[in-house]
Amino acid sequence: CGVAGASAGAASTIGTCLWKACGARDYGGRAPGELRAAAGRADGGMRLRGGAAGSGDGLPSSTSAQTAFTKVMWKKGPSPLRTVEVVGSWTKFKQRHALSLNQKTGDWEIIMELPRGEHQLKFVLDGNTWKCSQDMEVRTDSEGNQNNIIYVDHVVRASRPVPAGTAPVEKKERDHFVPATDSIDIAKDMVSRLEQEQRIANEKLMKAQAQLIETLKGELSQGINALDKGKKHVNAYTEKGNKGLANIKSAASNKIGEIKSHMAKIRAILDQKEATAIAAVEDNQNKRLLKLEGEIGEYDKVSPLLTDLISEAQDAIKKSNSEPTKFVGIAQELIPKIEKATTKASAIPQPSDDASFEALQLNLLPPS
């Protein structure tokens, strides 16, 4: 990997990298391959050691040896900026990647996972101003466009740029070890960021589980309310039906007495009519009683079901804290049962408790 946007001076130009240990990923909702922080070169485009370039289209390869974490940086300037973005050849300059402001240094930074090799890039300031960083190598292409250049590999160490008009100093082999401390810092930063993301993910998981339990408890509580309402509804109908039984029997008895009183005056003539009329009333009574008793029987079937479901739902809620996993399974089984039971309760008809026999057609007139 590399560091872009470092100062041209050797003291402030440090190349850093983090070897890619896994395939392309999405970090924190950003585009694949993008991570927070920044990248650059010291000698007008620091050349990073070793390795072939990434894929020809500039996009990260799924092979871990072909990509590396790279820091891109826009150095603090005299004027404050609202936003800084970077675009580059790895996405054919089509996708912008937002840099984050380092509150300590005032620099804008981003860590990205890029293919190894050479890339062109440019910065977008405040959303519409495209500029090259003067702290990086600037190259003009055949069409006159100017872009910064970055070289990406797995390890970078600082090198001094050669001042204009001076002969390059012959490089000598070091006889002592110079650690790539900034490479280590980026690695530590990445581990810290990923650990933080994992902590946040765990917190969200716990919150989601708690929300699921609370939602299911709420659903069951509403279900219990609906069951209780349904039970009251059915019990009211049962009470009304039982009263209807008594009223029908009483009304039928009264009607029979009325008929007998009327027919006693003409008993000799109307014995047959009396028997026929009584039979008609009794038959109609039996039909009504049979229908109403059947309705009450249906009420008696639904009422225990509602009672049992109320008990099961209450028991399930008691287990929600001690046995959350088991509770979720029980709740998910109970909710459709509650829905079915309350639907059935609300759909039962009113009792057929009409106790009037006045509309019954009876031939009670004496023969002409």
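Magnitude of the Cβ-charge dipole of region 209-348, K/R +1 and D/E -1, about the Cα centre, nearest 20 debye? Value, rounded to 20: 540 debye. Fully extending the segment from residue 138 to residue 300, taken as 0.36 nm per residue of separation minus the present Cα-Cα distance, adds 49.5 nm.
The aspartates and glutamates whose alpha-carbon is closer than 19 Å to the alpha-carbon of residue 217, local same-chain residues fewer than 8 away aside, are 228, 308, 312, 315, 323, 333, 339. Could you let me know the centre-to-centre spacing of region 335-351 and region 61-133, using Cα atoms, in angstrom? What the calculation gives is 62 Å, centre to centre.
Bear in mind that the values in this text are calculations on the coordinates, not laboratory data. Remember, it's a predicted structure, so these values are computed and weren't measured experimentally. We place every Cβ from the backbone using ideal geometry, glycine too, and count neighbours over all the protein chains shown.
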